[in-house]
Amino acid sequence: MVWFEVKKVFSRASGKISLAVLAALLAVTCWLAVSHIDYVNADGDIVTGIRAVRMLRSDKEKWEGYITENVLRSVIRENAAINASDEARSENVKEQNKAYAKKQGFDDIRDMINRAFCSFREYNYYRADSITEEEVGGLYEQRVARLREWLYSEEVYDHYTEEERAFLIEQYESLKTPFYYAVSDGWQAVLYYAQTIVMIGMLVCGFLVSSVFSGEFQTKADAVFFSSKYGRSKAIAAKVKAGYLIVTVLYWILILSYSAIVLAATGTGGGNCAIQTSFTYGKSFYHITFFELWLLMVFGGYIGWLFILTLTMLVSVLTRSPVLAVMIPFIILFLPSFVGGFSVLSDMLGLWPDQLLNIGEAIMLFNLYRVGGHIAGALPVVFTMYSCLYLVLPPALYLAYRKTGID
Amino acid sequence: MELKLTEVTKKYGGFTAVDNISLTMTGGVYGLLGVNGAGKTTLMRMLCTLLKPTSGSITCDGRDIFAMDASYRGLLGYLPQDFGFYPDFTVRDYLRYIASIKGLRPAVAAKRTEELIGRVGLVKAADKKMKKLSGGMKRRAGIAQAMLNDPKILILDEPTSGLDPNERIRFRNLISELSEERMVLLSTHIVPDVEYIANEIWLMKDGVMVQSGTPDEVIASMPERVWICRTDKQTASKLMERYQVSNIKTEAQGAELRLIAAACPAEGARQTEASLEDVFLYYFGEKAGEENGVV
Ligand SMILES: Nc1ncnc2c1ncn2[C@@H]1O[C@H](COP(=O)(O)OP(=O)(O)O)[C@@H](O)[C@H]1O
Ligand SMILES: [Mg+2]
């Protein structure tokens with residue numbers, strides 16, 4: 001029965017089109033993620049793609065290891081030396097690029113210095129240029145000091161309680177230092193475009209699953225369905241199962257092939273480094289590595305798909321129309337950008353289901369929630385909440401469909 | 001087996017579609033005759049547990065069919081008037097799927113599917129998509145679907161409507177074949193569909209069962225008689241205004257009319273045996289003429 005339900009979905013033209021769209025999506029996102037990495041060669045020309053990945057890695061590998069005071073000092077030293085070169089001082093962009101080319105190996109560490117020495121909400125690429133070798137040793141203290149400064153600034157003072165400030169500062173302080181640095185460009189590339197594939201993939205999948213239930217009404221096959229022996233029991237369970245089978249198989253095929261392809265092209269190194277060593281996630285207060293972030297992203301996306309797509313199916317049962325149902329994923333994804341302007345809602349939006357599909361963003365937010373006397377970031381709350389909410393949906397779906405038709 | 005309706009009423013809001021119907025079915029073919037809107041589909045949907053009666057009860061061997069749930073539906077085969085299917089399934093896949101939701105084990109389902117494909121004459125079309133079938137073939141797939149679980153109760157809602165005359169005759173024969181060893185309820189607004197195959201006729205009008213019984217009993221129930229008279233054209237048109245006319249044969253000099261009247265309608269008219277069509281005309285008025293064509 002389950003197999004026939006799956007077949008029903010994919011025998012339609014819309015089912016086949018959706019599959020083609022998903023395949024195209026996979027190809028495009030892989031390409032974007034890989035070509036996103038660029039490298040400036042010794043001639044000052046920009047190289048992208050797999051060649052860039054290799055060259056960048058060989059430059060950066062020299063800097064792998066713990067980022068101790070000594071390492072930080074040599075970064076400042078080399079940086080200053082390059083800045084003093086003729087190329088760097090030239091007015092010619094090409095010449096400047098040649099100077100930059102020499103910085104690429106330590107650019108990640110140089111960026112850490114920029115972040116630690118700018119105020120919390122600012123970023124100045126040239127900040128490292130004016131840091132002395134003496135100052136740079138205080139990088140890890142500076143990180144915490146910048147956070148503290150921001151937490152006590154007028155901008156957000158009212159937003160946090162004393163306890164919450166203490167929580168965030170504690171999170172920063174307890175992060176193990178010195179950081180271990182390794183080239184993590186591959187993981188970063190995967191994470192960077194993951195939300196694209198997870199979100200668009202879900203919208204497409206919404207089209208597929210919205211017809212699982214409402215298709216019966218659309219084709220008027222419901223009379224035969226409901227008047228058959230198992231039409232109000234096993235056959236409905238088969239539909240629920242088919243819905244999950246489609247969601248699950250498509251999700252894992254999509255996310256695992258995407259990750260595998262991108263990692264194969266860009267390298268799997270650096271998975272065990274703290275995400276704070278990267279430019280993108282440098283300020284996050286969660287203590288996790290790139291590999292753990294990837295896991296969070298992958299499972300968050302799955303829970304998000306399950307929750308949102310089950311809701312889609314439920315709406316398709318209640319309204320008997322696939323049209324309204326396919327709008328659900330769109331509404332969930334796009335509502336936050338419409339109402340995002342109202343700061344009153346920002347705490348609530350931190351728990352909106354789209355966060356599960358967007359772990360890369362969520363990991364950088366500073367929303368805090370109080371759950372049973374504990375303070376927690378949005379991620380653990382979102383994970384727990386939607387896993388639980390999701391568990392009540394399949395029975396609701398079954399019962400709602402079972403009751404249709406008899407009036 | 002006994003399927004029994006007791007004072008069954010179905011209301012849609014304030015509108016009564018089925019009005020206080022009590023009937024018993026035990027076996028054979030039942031022909032449910034009525035014009036469009038009489039309430040046939042509503043009655044059948046209740047028998048298929050798709051609608052709950054507003055009041056009254058339907059029992060199968062004494063047990064409420066809604067309480068019996070799956071065990072009742074296991075006895076049921078249903079071809080809806082507005083027969084819907086999965087357009088992109090092949091006939092074979094469609095039947096196998098329906099067999100699975102009817103609880104047939106895969107091996108049995110496969111065997112039964114092939115058997116029925118042969119029986120309804122769809123062997124050549126078995127691997128065609130349902131949406132590619134002609135109207136008559138779709139209907140035959142519909143019958144095959146209803147027969148998969150070898151139902152003890154077969155409910156066919158206007159199975160012949162929209163078919164061309166040849167298809168209709170083949171279909172009638174098919175139904176007649178299938179009616180052995182089961183109870184068949186067949187609705188139609190076309191008298192010849194049930195005239196010869198039904199053991200019992202139910203005449204339904206505006207939600208009410210106006211007559212029921214064997215064809216002979218129903219014919220005998222008509223209080224007026226059927227007459228044939230040959231007249232000139234002028235008299236013919238007068239007669240047509242006064243009486244229900246079931247047939248007119250135009251001739252060179254005038255016309256031969258078949259009409260229903262309590263007493264001799266005109267000089268020279270001779271009484272003749274009433275047919276089911278005359279009865280239908282008598283109870284349902286001029287509407288009956290629509291399909292059967294007054295010249
Ligand atoms: N869902 C409904 N809501 C309101 N009225 C309905 C509904 N279904 C049928 N009816 C009305 O009930 C009457 C009987 O319809 P139906 O059972 O389809 O008759 P038949 O099958 O004899 O043509 C019709 O007047 C129809 O308009
Ligand atoms: Mg009808």
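Tabulated results
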{"item": "Spatial separation of Cα centroids for region A:197-254 and region B:208-279, in angstrom", "result": "57 Å"}
{"item": "Simple spin-label estimate for A:A376 and A:E135 in nanometres, 7 Å along Cα-Cβ", "result": "4.1 nm"}
{"item": "Whole-Hz ³J(HN,Hα) from phi, Karplus 6.51 cos²θ - 1.76 cosθ + 1.60, for region B:178-184, glycine and proline x", "result": "6, 7, 5, 6, 8, 9, 10"}
{"item": "Where labels lie 7 Å past Cα in the beta-carbon direction, separation of B:D64 and B:S22 in nm", "result": "1.9 nm"}
{"item": "Cross-link pairs B:K10/B:K152; B:K11/B:K40; A:K220/B:K124; A:K234/A:K403; A:K239/B:K152 - those with Cα-Cα distance over 18 Å", "result": "B:K10/B:K152; A:K220/B:K124; A:K239/B:K152"}
{"item": "Lysines whose Cα lies under 21 Å from that of B:K233, excluding same-chain neighbours fewer than 8 positions away", "result": "B:K249"}
{"item": "Reachable aspartates and glutamates from A:K102, criterion Cα separation under 15 angstrom, eight or more residues apart if same chain", "result": "A:D38, A:D43, A:D45, A:D59, A:E61, A:E78, A:D86, A:E87, A:D111, A:D129"}
{"item": "Cα-centred dipole magnitude for region B:3-219, charges only on beta-carbon of K, R (+1) and D, E (-1), debye, nearest 20", "result": "960 debye"}
{"item": "Taking A:F366, A:F10, A:F225 and counting other C-beta atoms within 10 Å, the order from fewest to most", "result": "A:F10, A:F366, A:F225"}
{"item": "Chain B: relative contact order in percent, alpha carbon pairs under 8 Å with at least 6 residues between", "result": "20 percent"}
{"item": "Computed FRET value (nearest 0.05) for B:E251 with B:V208, which takes r as the C-beta separation and R₀ as 45 Å", "result": "0.70"}
{"item": "Under 19 Å from the B:E217 label point (7 Å along Cα→beta-carbon), backbone N, region B:1-19", "result": "B:1-8"}
{"item": "Rounded to 5, the percent of DSSP beta bridges in the protein assembly as shown classed as antiparallel", "result": "70 percent"}
{"item": "Fewest-first sequence of A:F291, A:F217 by Cβ atoms within 10 Å of each Cβ", "result": "A:F291, A:F217"}
{"item": "Relative contact order, percent, chain A [alpha-carbon distance under 8 Å, six or more residues apart]", "result": "19 percent"}
{"item": "All aspartates and glutamates inside 13 Å of A:K8 as judged from Cα atoms, apart from same-chain residues fewer than 8 positions distant", "result": "A:E216, B:D88, B:D93"}
{"item": "Beta bridges by DSSP in chain B, antiparallel share as percent, to the nearest 5", "result": "65 percent"}
{"item": "Long-range HN-HN contacts of A:F179 with modeled amide H, under 5 Å", "result": "A:I67"}
{"item": "Nitroxide proxy distance, nm - points 7 Å out along Cα→Cβ at B:S55 and A:S346", "result": "6.3 nm"}
{"item": "FRET efficiency for A:E64 and A:F299, using Cβ-Cβ distance with R0 set to 25 Å, rounded to 0.05", "result": "0.30"}
{"item": "Ascending count of other beta-carbon atoms within 10 Å, so fewest first, for B:C60, B:C264", "result": "B:C264, B:C60"}
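No value in this document is a laboratory result; all are computed from the given coordinates. These figures come from a predicted structure and were not determined experimentally. With ideal geometry, Cβ positions are generated from the backbone for all residues, glycine too; neighbour counts draw on all protein chains shown.
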